[in-house]
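The values are calculated or read from the model by the stated rules, or taken from the named source; none is laboratory data. Note that the coordinates shown come from a computational prediction; the quantities given were computed from them, not determined experimentally. We place every Cβ from the backbone using ideal geometry, glycine too, and count neighbours over all the protein chains shown.
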Amino acid sequence: MKGIHLFRNLLVMASLILWALPVLGQSCPSLLAPLNGAVDVPVDQTISWEPVPEIPGYRIILGTSPGGSEILEQSVGSATSYTPTFGLPENTQIYVTIVLDFLFEGGTDIFCSGQTFRTAAVTTPPPCISLSFPNDGATDVSIFSSLLWSYAVSATGYDLRVGTSPGASDIFSGDVGNTLSFNPPGEFPPSSTIFVELQPYNDIGSAVGPCTATSFTTGIAQTLPSCTSMISPVDGSSNVTLTPLLEWAPVANADGYRVTIGDSPFNANVLDNVSFTTNSTFVIDFLPNKVFFIKIVPYNSAGEAIGCGQETFSTLLGCGPYYDPNLDDFVSYSPEIDFPELVSFCQNESPFVISTDDTADGYRWYQTFDYGPDVLISETNEVSLLEEGSYRYEAYNYIDQLGTTIECLSSQEFDVVSSEFAIIDGLIAQDAAAGLELTVLVSGIGDYEFAIDGSSGPYQDSNTFSGLPIGAYTIYIRDKNGCGIVEERFSPDIRPEGFPPFFTPNGDGINDYWQFVPPLGVTEINLDGIMIFDRIGNLMAQIDPLSQGWDGTFNGRPLPATTYWFKAMIGDKKPLVGFFTLKR
């Protein structure tokens, strides 16, 4: 197995193991609310869609044109609904794209677009709202706090006034735009009562008011804790055990740590903001072959550390691949297999038996179908095939891990095609300026290649050999799928006697038809028929030797001036084959 030296590649390999199969059969979900094509949709509408099995996460994209994203693009994890944080623009045709999100697992995202709805027009100002944090009347609020509020339906912005007395703006006053939070310029003054007035507005006007002010009291001056980082496992670790001790660097002024762990950047399905007063914890029974995302936020009475990011580690156990630092390479418990994507057999060899030399604990062979279940046809290292089609070969090893026997599998999809020996139909010999040109005519279902005067080649795909001296030659035709080689020796005449080298079907009454002309002294014609072909072997005409001949047309339409070849049938004898030229 080739070495891979980047951790990113390790994540991709694990992700492909987990998600390659689910991606193949996914279908796009339909909107549930609002329905595709809906009109007069409220600007505070929650958008929901059908769940799709085996999807690790979704993204929702909204735009004003098909595939556009100028309104929003948001990852929502495994949720199948989303309420736009800032509402939707009024009286707007909105185009929805639901993304089946495999990218963070190393897979390929599936973009499901083509659904749309139109929002209603807004005719009234937005309502008044209050702060959601701090609550009105709250005490001992951290001086590092931000102000938070909920979306006021139809609002497109907010006027904010913050001061240390009712109606005052000594801390801040102004339009904060279409946002739902405010970080004050600096810290709030400690041990002080803070008054906040929040006035939503839209194109119709401001909220009918003035809106009621909110007040809260700050606590004493303190220092926020800083962020921490993982000690064990360190960020980016692989081969982490399934029940690890998680340990992170202690922070001096932290009262505790809030820990969130999930198997995607959006999930918290292992730990969800759980508080710990120490800087370590055991987590039992992580799933194998998974990448986990962990975020640790220290906190104290002043608040939480700001700007702490996610770190990752992976439990690439099970079948592997594992990174071995001693080898600087990846190793796997799955068997290494060497099997082609295309297998061919000769029609006279059915049933066709194929086998593998791969070393494994067991084998399976399936015939696969576009519709209907796959059919198991062998459980040994060989299989008998009776027909063309699509198949899958599997080899597997058994390993014992954590008291459980695991099957580690490798597989290869392959197609089976049939072939046969070539049938030599004849030879066209042409005396060209550069020498003799020979074109061998063959039939059969195989894929053939050609050589001259040597069964070992060199072989070529073209059935024409040029620049040859006049003489006898042996032509070899080999089936590329392994059915074998046929050969025939030719002593070519440039053109059989009695067949004109050219004709000119221009209606002048001279050489307007091409036909066999018996040599002088020959009174009996023994030809059964003559077939005329273009240069690539398409049948253009079939004429009786006693008829007027061929007029250079096909289905009533004149054919171009070029070289054509003929095959003249003579009872049970070998046909006469040659060429002639149509001139215009």
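Please verify whether the range 65-81 includes one or more residues that are out of contact with any Ser or Thr (no Cβ under 8 Å at 6 or more places or on another chain), in contact (Cβ under 8 Å) with a residue 40 or more places away in the chain and of a type in the set (Val, Ile, Thr).
yes
This table checks each residue for (1) out of contact with any Gly (no Cβ under 9 Å at 6 or more places or on another chain); (2) at pLDDT below 90; (3) part of a loop (DSSP other than H, G, I, E, B); (4) over 28 Å from TYR299 (Cβ atoms).
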site	(1), (2), (3), (4)
PHE117	no, no, no, yes
THR124	no, no, yes, yes
TYR151	no, no, yes, no
ALA155	no, no, yes, yes
ASP159	no, no, no, yes
SER165	yes, no, yes, yes
PRO200	no, no, no, yes
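I want to confirm something. Restricting to the range 375-409 and keeping residues that are modelled with pLDDT of 90 or more and among the acidic types (Asp, Glu), which single residue is farthest from THR315 (Cα to Cα)?
GLU382
Just checking, which of GLY63, GLY57 is surrounded by 13 or more Cβ atoms within 10 Å (Cβ to Cβ), modelled with pLDDT of 75 or more and closer than 27 Å to SER237 by Cβ?
Result of the check over GLY63, GLY57: GLY57.
Check THR139, THR124, THR164 and return the single one that is within 51 Å of the chain's Cα centre (by Cα), surrounded by fewer than 18 Cβ atoms within 10 Å (Cβ to Cβ) and in contact (Cβ under 8 Å) with a residue 24 or more places away in the chain.
THR124 is the lone residue from the list that is within 51 Å of the chain's Cα centre (by Cα), surrounded by fewer than 18 Cβ atoms within 10 Å (Cβ to Cβ) and in contact (Cβ under 8 Å) with a residue 24 or more places away in the chain.
Within the range 533-559, track down each residue that is outside any loop (DSSP other than H, G, I, E, B) and among the aliphatic types (A, V, I, L, M).
LEU539, MET540, ALA541, ILE543 - these are the residues of the range 533-559 that are outside any loop (DSSP other than H, G, I, E, B) and among the aliphatic types (A, V, I, L, M).
Only one residue in SER169, SER226 is in a loop (DSSP other than H, G, I, E, B) and either of a type in the set (A, V, I, L, M, F, W, C) or in contact (Cβ under 8 Å) with a residue 60 or more places away in the chain (or both), so which one is that?
Going through SER169, SER226 in turn, just one is in a loop (DSSP other than H, G, I, E, B) and either of a type in the set (A, V, I, L, M, F, W, C) or in contact (Cβ under 8 Å) with a residue 60 or more places away in the chain (or both): SER226.
So if I check each of VAL43, VAL52, VAL39, which one is under 25 Å from the mean Cα position of the chain (by Cα) and either under 27 Å from PRO126 (Cα atoms) or in a loop (DSSP other than H, G, I, E, B) (or both)?
Step by step, each of VAL43, VAL52, VAL39 is checked, and only VAL52 is under 25 Å from the mean Cα position of the chain (by Cα) and either under 27 Å from PRO126 (Cα atoms) or in a loop (DSSP other than H, G, I, E, B) (or both).
For the range 203-223, what are the residues that are more than 54 Å from the chain's Cα centre (by Cα) and either free of Cβ contacts under 8 Å to residues at least 12 places away in the same chain or closer than 19 Å to SER154 by Cβ (or both)?
GLY209, PRO210
Quick check, is SER264 at pLDDT below 95, under 13 Å from LYS295 (Cβ atoms) and in contact with a Pro (Cβ under 7 Å, 6 or more places away or on another chain)?
yes
What are the residues in the range 418-465 that are without any contact (Cβ under 8 Å) to a residue 40 or more places away in the chain and hydroxyl-bearing (Ser, Thr, Tyr), if any?
If the condition is that a residue be without any contact (Cβ under 8 Å) to a residue 40 or more places away in the chain and hydroxyl-bearing (Ser, Thr, Tyr), then SER443, TYR448, SER455, SER456, TYR459, SER462, THR464 are the ones that fit.
So, in the range 359-375, of the ones that are over 16 Å from ASP415 (Cβ atoms) and surrounded by 12 or more Cβ atoms within 10 Å (Cβ to Cβ), which residue ends up nearest to the chain's Cα centre (by Cα)?
For the range 359-375, the residue satisfying everything is ARG364.
Answer yes or no as to whether THR108 is among the β-branched types (Val, Ile, Thr) and either closer than 20 Å to ALA152 by Cα or surrounded by fewer than 16 Cβ atoms within 10 Å (Cβ to Cβ) (or both).
Considered against the rule, which asks whether it is among the β-branched types (Val, Ile, Thr) and either closer than 20 Å to ALA152 by Cα or surrounded by fewer than 16 Cβ atoms within 10 Å (Cβ to Cβ) (or both), THR108 comes out as yes.
Kindly provide the set of residues from the range 361-414 that are part of a loop (DSSP other than H, G, I, E, B), under 27 Å from VAL331 (Cα atoms) and free of Cβ contacts under 8 Å to residues at least 24 places away in the same chain, ordered by number.
Across the range 361-414, the qualifying residues are GLU379, THR380, GLY403.
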